[in-house]
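S.K.: Can you read through this structure? Questions will come right after.
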Amino acid sequence: MSEYGRVRIVAVVGNPRAASRTHGIARTLAREMAAVLGAGEPGEVDLATLGSKVLEREDRDARAAVEEVLAADVLVVASPTYKATYSGLLKAFLDRIGTGGLHRTRAVPVLLGGAPDHRLAVDVHFTPLLLELGASVPARGLFVLESELDDFDVAAAAWARDARAALLAAS
């Protein structure tokens, strides 16, 4: 919990393109979660703005982004689907966090994909990465098809309502 006793939600966007559709779904889901969890305005870490800085250990901006993630109670971690898994940019950023570094954090993995063939990537590849970092993943992650983007706000609101109890119980 934040210093004000409210849940702190941060969306981490692993798309290398700024203003991406991935960013849009992460922001939408984080806001819907904030509404049902009684949280303040969600924070955001858009890795597109960092680019190769995530590889520079001493980079001030990349370190600040890691600190923002470590201060979160709940993370929405979103990526486009690349080769049936998450982006390399997201992986490089998460490599900055030590094993177990997210031990007090609840995480929601979200992948955006063009075809349903990769739907299991959330559970098979993405969730284990977050668990390795120590996060709990109390609710099943989301795989969002590009064809579902027009109605994602409705789906995000429903997901947040359905996941509320699991997200609160994990705290």
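S.K.: Out of the residues in region 38-62 that are touching a residue at least 24 places away in the same chain (Cβ under 8 Å) and assigned to a helix (DSSP H, G or I), state the one that is nearest to residue 160 (Cα to Cα).
M.R.: Among residues in region 38-62 that are touching a residue at least 24 places away in the same chain (Cβ under 8 Å) and assigned to a helix (DSSP H, G or I), the one nearest to residue 160 (Cα to Cα) is 47.
S.K.: Moving on to the next point. What number goes with the only condition from (1) at pLDDT below 95; (2) within 26 Å of residue 147 (Cβ to Cβ) that residue 14 does not pass?
M.R.: The number of the failed condition is (1).
S.K.: Report whether or not residue 69 is in a strand (DSSP E or B) and either closer than 28 Å to residue 169 by Cβ or at pLDDT 95 or above (or both).
M.R.: For residue 69, the condition - in a strand (DSSP E or B) and either closer than 28 Å to residue 169 by Cβ or at pLDDT 95 or above (or both) - is not met.
S.K.: Keeping to region 53-109, report how many residues are more than 12 Å from the chain's Cα centre (by Cα) and among the polar types (S, T, N, Q).
M.R.: 4
S.K.: Test residue 170 against the stated conditions and say whether it is at pLDDT below 95, within 18 Å of residue 69 (Cα to Cα) and of a type in the set (A, V, I, L, M, F, W, C).
M.R.: Yes, satisfied.
S.K.: With (1) assigned to a loop (DSSP other than H, G, I, E, B); (2) more than 13 Å from the chain's Cα centre (by Cα) as the list, and residue 150 as the residue in question, which single condition is left unmet?
M.R.: The single condition residue 150 does not satisfy is (1).
The values are calculated or read from the model by the stated rules, or taken from the named source; none is laboratory data. Predicted, not measured: the structure shown is a model, and the values here were computed from it. Cβ: placed from backbone, ideal geometry, glycine included. Neighbour counts: every protein chain shown.
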